[in-house]
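In what follows, a structure is listed as structure tokens, so that the remarks can point back to it.
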């Protein structure tokens, strides 16, 4: 059994269904053996897409997503996606090809110090040095990726450990045979290579046992739950913010949603937590979060650190009692020291709280204030959506898309200004049905996330919302959608510019340099790959085009809607630092 086969066997035992990749000679045995084992190989057009797709699978299934990238440039191309997964706390296992063990550092093809390159981007780095390492390293990598604060792990696999031992010995023998016959140098090289190979292949892989290692999570004590409930019970204006970390276990999403309802506290859902409650649940808030934080007397941060999204904690009322629940000890006290810091899984902690909570007072007045603001903002959006702009008003377009999203629909968000606007208007209808990059704010996640989502939920409509700037990173993957028969619906909000940057750059620096694009014919790219592309240049075209896109995608054809949009002041002055 070669190294590729043992990797495939372990992936199968961990219920890995998809392996994302861009092919390369350094990793061919991983791909061929996984294919033989029944794991579906999804070959994409860029390594970042492969890792983004694995990230989406991890978020939607709870099983670490897996990608394999070839040595050197392949590994380097994956770094941005690895950092994004790390900051989003997505457990991944990424295999990287590498130069042969005996040739490392000697100038072989695509040989670089990959370990140093990726170390800061991932939770852990491992290198396979002999065949004995495969089973314990990969088993530990799966467990470690999911334990504590989840994240991606990288496993470097030298090419000579992936192929059959007999073939590798033949290669080495051929190399050592070169040169003058019976020379002393030749004998030394032959002896060295034989000893090196004997050490590399010291284990009988067929007979090695490998038990799965259980993942470890932070502890949670009942007395801590009681302390939290005491703080909540004293408050009249409690506010709950639930972050992506609370949604790490997809199997508990429904239970978490019910726990939030039982706690009966007004809630903002962010990141992967979006969709936990139905779009019109009276507890759920979408607007004016900073105003609510400034007035709340008790703030519960469940899997949400006080980073730039909460103005580094400055948005929170100084007199408010704060409860922070997080798997990360670092994030528990980041920029703001809570009254109660709970090192635990946020979903488990909220569930424990809901089972013990006893509410004596009423929050009706508080809810009326918050719901009043919600209604005011919704009315403002309606007015803005009704204004005439050049081409299509983006708010109106997004309202139409929101109306077309089904209860099972999945929304993938990739972009700046257009996507930030969409986050206020397009609402997921069910748990784990909104995918955005997370705190890193990476552009380019779209195609990979959409790939992963459509594979995990083949019967669902998958909506890929792209800014025209972001679309440039991965629009080539329409070729992948067509080849692998993954009929997503992509919508490009095409305002011919990097508008999120341009807004502030023009105001403060009086120059639009490098922020201007064209109203390009992106729909033609989809057509060229065998998908279907449509141009939306006027508001009277929106409804019919969306209906046609849904019909085509449900019949198996990927679709791209190139929507020419105008500019509005909806997000004026929204720069983040």
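The values are calculated or read from the model by the stated rules, or taken from the named source; none is laboratory data. As the structure is a computational prediction, the values presented were derived from the model and not from experiment. Please note: Cβ atoms are built from the backbone with ideal geometry, for glycine as well, and neighbour counts cover all protein chains shown.
With the condition being in contact with a strand residue (DSSP E or B) (Cβ under 7 Å, 6 or more places away or on another chain) and assigned by TED's automatic domain parsing to the domain that holds residue 472, I'd like the helices (runs of 4 or more DSSP H) fully within segment 1-66 carrying at least 2 qualifying residues. Lay out the reasoning, then the answer.
On the way: elements: 3-13, 28-36, 47-61.
Filter on segment 1-66 gives an empty set.
State all residues of segment 276-295 that are closer than 16 Å to residue 368 by Cα and assigned to a loop (DSSP other than H, G, I, E, B); if no residue qualifies, say none.
Residues satisfying the conditions are 280, 281, 282, 283, 286, 287, 288.
Report whether or not residue 452 is assigned to a helix (DSSP H, G or I), under 17 Å from the mean Cα position of the chain (by Cα) and at pLDDT 95 or above.
Details: assigned to a helix (DSSP H, G or I): yes; under 17 Å from the mean Cα position of the chain (by Cα): yes; at pLDDT 95 or above: yes.
The answer is yes for residue 452.
Can you give me the number of residues within segment 105-119 that are within 30 Å of residue 87 (Cβ to Cβ) and either in contact with a helix residue (DSSP H, G or I) (Cβ under 8 Å, 6 or more places away or on another chain) or surrounded by 15 or more Cβ atoms within 10 Å (Cβ to Cβ) (or both)? Let's see the steps before the verdict.
Quick first cut of segment 105-119, residues within 30 Å of residue 87 (Cβ to Cβ) only: 110-119.
If we keep only those that are either in contact with a helix residue (DSSP H, G or I) (Cβ under 8 Å, 6 or more places away or on another chain) or surrounded by 15 or more Cβ atoms within 10 Å (Cβ to Cβ) (or both) as well, we get 110-112, 114-115, 117-118.
Within segment 105-119, residues that are within 30 Å of residue 87 (Cβ to Cβ) and either in contact with a helix residue (DSSP H, G or I) (Cβ under 8 Å, 6 or more places away or on another chain) or surrounded by 15 or more Cβ atoms within 10 Å (Cβ to Cβ) (or both) number 7.
Test of understanding: among 495, 468, 504, 511, which residue is over 25 Å from residue 273 (Cα atoms), free of Cβ contacts under 8 Å to residues at least 12 places away in the same chain and more than 16 Å from the chain's Cα centre (by Cα)?
Working: 495 fails: free of Cβ contacts under 8 Å to residues at least 12 places away in the same chain; 468 fails: free of Cβ contacts under 8 Å to residues at least 12 places away in the same chain; 504 fails: free of Cβ contacts under 8 Å to residues at least 12 places away in the same chain.
That would be 511, the only listed residue that is over 25 Å from residue 273 (Cα atoms), free of Cβ contacts under 8 Å to residues at least 12 places away in the same chain and more than 16 Å from the chain's Cα centre (by Cα).
Yes or no: residue 458 under 20 Å from residue 65 (Cα atoms), within 21 Å of the chain's Cα centre (by Cα) and without any contact (Cβ under 8 Å) to a residue 60 or more places away in the chain? Before the answer, list the steps.
Values: under 20 Å from residue 65 (Cα atoms): yes; within 21 Å of the chain's Cα centre (by Cα): yes; without any contact (Cβ under 8 Å) to a residue 60 or more places away in the chain: yes.
Criteria met by residue 458.
Looking at residue 253, is it farther than 25 Å from residue 339 by Cβ, buried (at least 19 other Cβ atoms within 10 Å of the Cβ), touching a helix residue (DSSP H, G or I) at 6+ places or on another chain (Cβ under 8 Å) and modelled with pLDDT of 85 or more?
Working: farther than 25 Å from residue 339 by Cβ: yes; buried (at least 19 other Cβ atoms within 10 Å of the Cβ): yes; touching a helix residue (DSSP H, G or I) at 6+ places or on another chain (Cβ under 8 Å): yes; modelled with pLDDT of 85 or more: yes.
Judged against the criteria, residue 253 is a match.
Determine, yes or no, whether residue 469 is buried (at least 24 other Cβ atoms within 10 Å of the Cβ), out of contact with any helix residue (DSSP H, G or I) (no Cβ under 7 Å at 6 or more places or on another chain) and at pLDDT 95 or above. So that I can check it myself, show each step before the final result.
On the way: buried (at least 24 other Cβ atoms within 10 Å of the Cβ): yes; out of contact with any helix residue (DSSP H, G or I) (no Cβ under 7 Å at 6 or more places or on another chain): yes; at pLDDT 95 or above: yes.
Yes, satisfied.
Taking residue 401, is it surrounded by fewer than 18 Cβ atoms within 10 Å (Cβ to Cβ) and farther than 30 Å from residue 312 by Cβ? Spell out how you get there, then give the answer.
Working: surrounded by fewer than 18 Cβ atoms within 10 Å (Cβ to Cβ): no; farther than 30 Å from residue 312 by Cβ: yes.
No.
Is it true that some residue in segment 399-406 is in contact with a strand residue (DSSP E or B) (Cβ under 6 Å, 6 or more places away or on another chain) and modelled with pLDDT of 95 or more? Let's see the steps before the verdict.
Taking segment 399-406 and keeping what is in contact with a strand residue (DSSP E or B) (Cβ under 6 Å, 6 or more places away or on another chain), we get none.
Scanning segment 399-406 turns up no residue that is in contact with a strand residue (DSSP E or B) (Cβ under 6 Å, 6 or more places away or on another chain) and modelled with pLDDT of 95 or more.
Give the residues of segment 504-533 that are more than 22 Å from residue 465 (Cβ to Cβ), surrounded by 11 or more Cβ atoms within 10 Å (Cβ to Cβ) and in contact with a helix residue (DSSP H, G or I) (Cβ under 7 Å, 6 or more places away or on another chain), sorted by residue number.
512, 530
Please go through segment 377-387 and pick out each residue that is surrounded by fewer than 17 Cβ atoms within 10 Å (Cβ to Cβ) and either within 16 Å of residue 543 (Cα to Cα) or without any contact (Cβ under 8 Å) to a residue 12 or more places away in the chain (or both).
379, 380, 382, 383, 386, listed by residue number.
Can you give me the number of residues within segment 524-566 that are part of a helix (DSSP H, G or I) and under 23 Å from residue 460 (Cβ atoms)? Spell out the reasoning first.
Our first condition is that a residue be part of a helix (DSSP H, G or I); within segment 524-566, this holds for 524-528, 539-554.
The next check asks that each one be under 23 Å from residue 460 (Cβ atoms); those that pass are 526, 542-554.
The number of residues fulfilling the criteria is 14.
Are any of the residues in segment 366-385 within 17 Å of residue 568 (Cβ to Cβ), in contact with a helix residue (DSSP H, G or I) (Cβ under 6 Å, 6 or more places away or on another chain) and not in a helix (DSSP H, G or I)?
Scanning segment 366-385, I find no residue that is within 17 Å of residue 568 (Cβ to Cβ), in contact with a helix residue (DSSP H, G or I) (Cβ under 6 Å, 6 or more places away or on another chain) and not in a helix (DSSP H, G or I), so the answer is no.
Return the residue satisfying two criteria in turn: it lies in segment 206-238 and is at pLDDT below 60 and in a helix (DSSP H, G or I), and of such residues it is surrounded by the most Cβ atoms within 10 Å (Cβ to Cβ). Let's see the steps before the verdict.
Here is the first cut: in segment 206-238, the residues at pLDDT below 60 are 206-217.
Still in the list and also in a helix (DSSP H, G or I): 206-207.
Numbers: 206: 8, 207: 6.
If we take residues in segment 206-238 being at pLDDT below 60 and in a helix (DSSP H, G or I), then 206 is surrounded by the most Cβ atoms within 10 Å (Cβ to Cβ).
I'd like to check something: does segment 257-268 contain any residue that is assigned by TED's automatic domain parsing to the domain that holds residue 343 and at pLDDT below 85? Can you show your working first?
Our first condition is that a residue be assigned by TED's automatic domain parsing to the domain that holds residue 343; within segment 257-268, this holds for 257-268.
From what's left, at pLDDT below 85: none.
Scanning segment 257-268, I find no residue that is assigned by TED's automatic domain parsing to the domain that holds residue 343 and at pLDDT below 85, so the answer is no.
Which one is nearest to residue 232 (Cα to Cα) among residues in segment 247-275 that are part of a loop (DSSP other than H, G, I, E, B) and within 21 Å of the chain's Cα centre (by Cα)? Spell out how you get there, then give the answer.
Step one: of segment 247-275, the residues part of a loop (DSSP other than H, G, I, E, B) are 248-249, 264-266, 270, 274-275.
Right, trim to within 21 Å of the chain's Cα centre (by Cα) and you get 248-249, 270, 274-275.
On the way: 248: 25, 249: 25, 270: 21, 274: 23, 275: 24 Å.
It comes out as 270.
Name, by its number, the condition in (1) modelled with pLDDT under 95; (2) surrounded by 13 or more Cβ atoms within 10 Å (Cβ to Cβ); (3) at positive phi that does not hold for residue 573.
(2) is the only condition that residue 573 fails.
Among residues belonging to segment 128-170 that are outside any helix (DSSP H, G or I) and within 19 Å of the chain's Cα centre (by Cα), point out the one that is nearest to residue 95 (Cα to Cα).
So in segment 128-170, the residues outside any helix (DSSP H, G or I) come out as 128-130, 147-158, 162-164.
If we keep only those that are within 19 Å of the chain's Cα centre (by Cα) too, we end up with 147-154.
Numbers: 147: 19, 148: 22, 149: 20, 150: 17, 151: 14, 152: 11, 153: 9, 154: 6 Å.
Taking the candidates together, the pick is 154.
Mind telling me which of the residues 85, 71 ends up being in contact with a strand residue (DSSP E or B) (Cβ under 6 Å, 6 or more places away or on another chain), part of a loop (DSSP other than H, G, I, E, B) and touching a residue at least 24 places away in the same chain (Cβ under 8 Å)? If you could, list the steps in order and put the result at the bottom.
Details: 85 fails: part of a loop (DSSP other than H, G, I, E, B).
The match here is 71.
Among the listed residues 272, 304, identify the single one that is touching a helix residue (DSSP H, G or I) at 6+ places or on another chain (Cβ under 9 Å), farther than 17 Å from residue 324 by Cα and crowded, with 23+ Cβ neighbours inside 10 Å.
Numbers: 304 fails: farther than 17 Å from residue 324 by Cα.
Exactly one of 272, 304 is touching a helix residue (DSSP H, G or I) at 6+ places or on another chain (Cβ under 9 Å), farther than 17 Å from residue 324 by Cα and crowded, with 23+ Cβ neighbours inside 10 Å, namely 272.
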